[in-house]
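I have placed the structure first, in the form of structure tokens, so that the comments after it can refer back to it.
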Amino acid sequence: MKIMIIGAGASGVSAAINIKRKYPHDEVTIIEHSDKALKKILATGNGRCNLGNKQLHLSFYNHPELFDKYSFKEYVSYIESFGFKTKLIGDLLYPYSESAQTVRNQMLKLADKLSVKINLNEDFIDYEVKEEFIIVKTSLRTYQVDKLIIAAGAKSTKGLGNDGSIYSILSKHGYAITPLHPGLVPIKTKENTKLLDGQRLKAKVSLLENGKTIFVEEGEILFKKDGLSGIVIMNLSNHINNNKNEYKIVINSLGENIQELQENHQQILDKREFLSQYFSPKFVEYFISHLNELDLIKALQNWTFTFKDFYDYENSQITVGGIDLSNIKDHFESKFEKNVYFLGEVLDMHGPCGGYNLTWAFMSSLLLMQ
């Protein structure tokens, strides 16, 4: 049997390995339009490759029902079967070497050992499903295969191999694409943050949609000249669906000092002197010029920004949206086209920072074989 996989990312390469392990006589070819396989792996976890999270909270995903078959322990065992050891740093799972290069090297070594063909610098153009086979057209040639697996990624980080061109191809084939936008991405705010560019603050952050709280998390905020970043903001960005609704980001900047501040706030005579005890000079200047409420404590607990826009796909870790899951059936096969399958980020499936999205990429290739 001839099987073609579109995309040499984590889901595509791991799927190829899984297929060759189970069906060693099948011919498996991966088509990759960039010049390197597993390119995005190298940037994961700042080069250390955050493979997963011990706190595998299924509710963190927009479609948690897809993960109900496997435990974290089983996931670790599966990952290590590619030829490298792992370790936990806190709740985060990394290769023991803490090097993404280790993950890439071992996976490609195993793929080569299993005779997986990886064709680089070859663009996927289109495909046609016939009764007995599938015709696949690329920028270099035309193939005839028995099964087609599309694991082409999405639109984020174009420099790492993603460009989103797959969606225009799949739309022509009648697949429903849920609205796309950058995910795990900094956001731009209507309020001016230029004075705080580069400043960091640990705080409790809430996201309000049309006045209703839909997300709360504590973490570090990184202020940019035109908006907000940091892991807590990136996680928050996944919950912003469009620009039609009003989204407010409310920051409680008091943190552990809340009790002391509440006890002393009646004695505040000089706001600048008071704020200087808890915040950096730039924050003090910002608060003095922007927080005009008489109750300073209340203002610091409800420091509010208005969502204006996302940063672009190049600044995002993932793409929110993709192939609507109503278009696929068990084992990720298309409901409309026989022997066509989808894996990884091309599907409408996403989670927060902390290894969850790489877990999905790997797990989708495992679920394909069940």
Matching residues, the stretch 14-29, being in contact with a Phe, Trp or Tyr (Cβ under 9 Å, 6 or more places away or on another chain) and among the β-branched types (Val, Ile, Thr): Ile17, Thr29
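Filter the stretch 343-359 down to the residues that are in a loop (DSSP other than H, G, I, E, B) and touching a Gly at 6+ places or on another chain (Cβ under 8 Å) and list them by number. Explain how you work it out, then say what you get.
From the stretch 343-359, those in a loop (DSSP other than H, G, I, E, B) are 343, 348-355; that's our starting set.
Within the stretch 343-359, Leu343, Asp348, Met349, His350, Gly355 qualify.
What residue, of Ile19, Ile41, Ile6, Ile79, is in contact (Cβ under 8 Å) with a residue 12 or more places away in the chain, in contact with a helix residue (DSSP H, G or I) (Cβ under 6 Å, 6 or more places away or on another chain) and in the same structural domain as Met349 (by TED's automatic domain parsing)?
Working: Ile19 fails: in contact with a helix residue (DSSP H, G or I) (Cβ under 6 Å, 6 or more places away or on another chain); Ile6 fails: in contact with a helix residue (DSSP H, G or I) (Cβ under 6 Å, 6 or more places away or on another chain); Ile79 fails: in contact with a helix residue (DSSP H, G or I) (Cβ under 6 Å, 6 or more places away or on another chain).
Within the list Ile19, Ile41, Ile6, Ile79, the selection yields Ile41.
What number of residues in the stretch 306-332 are more than 24 Å from Glu218 (Cα to Cα), acidic (Asp, Glu) and not in a helix (DSSP H, G or I)? Even if it seems obvious, please write down each step before you answer.
First, the residues of the stretch 306-332 that are more than 24 Å from Glu218 (Cα to Cα): 312-314, 321-332.
Now restrict to residues that are acidic (Asp, Glu): 312, 314, 324, 330.
From the residues that got through so far, the ones that are not in a helix (DSSP H, G or I) too are 312, 324.
Final tally of qualifying residues: 2.
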Pairs where the first residue, in the stretch 90-112, is free of Cβ contacts under 8 Å to residues at least 40 places away in the same chain and the second is surrounded by 17 or more Cβ atoms within 10 Å (Cβ to Cβ) and among the basic types (Lys, Arg), C-beta under 8 Å, 6+ apart: none
Matching residues in the stretch 142-187 - criterion: being at positive phi and either free of Cβ contacts under 8 Å to residues at least 40 places away in the same chain or crowded, with 18+ Cβ neighbours inside 10 Å (or both): Gly153, Thr157, Gly161, Leu184
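One line per residue, one yes/no per condition, for (1) in a helix (DSSP H, G or I); (2) of a type in the set (A, V, I, L, M, F, W, C); (3) modelled with pLDDT under 95:
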site	(1), (2), (3)
Ile3	no, yes, no
Ser11	yes, no, no
Ile19	yes, yes, no
Val28	no, yes, no
Asp35	no, no, yes
Ala43	yes, yes, yes
Gln55	no, no, yes
Ser59	yes, no, yes
Total residues in the stretch 287-305, condition surrounded by fewer than 13 Cβ atoms within 10 Å (Cβ to Cβ) and either outside any helix (DSSP H, G or I) or not assigned by TED's automatic domain parsing to the domain that holds Lys244 (or both): 4
Odd one out for Lys202 among (1) touching a residue at least 40 places away in the same chain (Cβ under 8 Å); (2) assigned by TED's automatic domain parsing to the domain that holds Gln301; (3) within 18 Å of the chain's Cα centre (by Cα): (3)
Residue that is surrounded by the most Cβ atoms within 10 Å (Cβ to Cβ), among those in the stretch 225-252 that are assigned to a helix (DSSP H, G or I) and out of contact with any Asp or Glu (no Cβ under 8 Å at 6 or more places or on another chain): Ser237
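Residue by residue, here is whether (1) within 19 Å of Lys39 (Cβ to Cβ); (2) small (Gly, Ala, Ser); (3) outside the structural domain of Lys338 (by TED's automatic domain parsing) holds:
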{"site": "Pro95", "(1), (2), (3)": "yes, no, no"}
{"site": "Gln101", "(1), (2), (3)": "yes, no, no"}
{"site": "Leu108", "(1), (2), (3)": "yes, no, no"}
{"site": "Lys113", "(1), (2), (3)": "no, no, no"}
{"site": "Tyr127", "(1), (2), (3)": "no, no, no"}
{"site": "Ile134", "(1), (2), (3)": "no, no, no"}
{"site": "Val145", "(1), (2), (3)": "no, no, no"}
{"site": "Gly153", "(1), (2), (3)": "yes, yes, no"}
Residue in the stretch 318-328 that is in the same structural domain as Asp348 (by TED's automatic domain parsing) and without any contact (Cβ under 8 Å) to a residue 40 or more places away in the chain present: yes
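For the stretch 64-77, check the following and say yes or no: at least one residue is part of a loop (DSSP other than H, G, I, E, B) and buried (at least 18 other Cβ atoms within 10 Å of the Cβ). Before the answer, list the steps.
Initial filter on the stretch 64-77 (part of a loop (DSSP other than H, G, I, E, B)): 68-71.
Subset that is buried (at least 18 other Cβ atoms within 10 Å of the Cβ): none.
For the stretch 64-77, residues part of a loop (DSSP other than H, G, I, E, B) and buried (at least 18 other Cβ atoms within 10 Å of the Cβ): absent.
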Residues of the stretch 191-224 classified as outside any strand (DSSP E or B) and either surrounded by 17 or more Cβ atoms within 10 Å (Cβ to Cβ) or aliphatic (A, V, I, L, M) (or both), total: 4
Yes/no for Asn50 being surrounded by 13 or more Cβ atoms within 10 Å (Cβ to Cβ), among the polar types (S, T, N, Q) and over 27 Å from Lys113 (Cα atoms): no
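The values are calculated or read from the model by the stated rules, or taken from the named source; none is laboratory data. From a predicted model like this one, the values you see are computed outputs, not experimental measurements. As a convention, Cβ positions derive from the backbone with ideal geometry for all residues, glycine included, and neighbour counts pool all protein chains shown.
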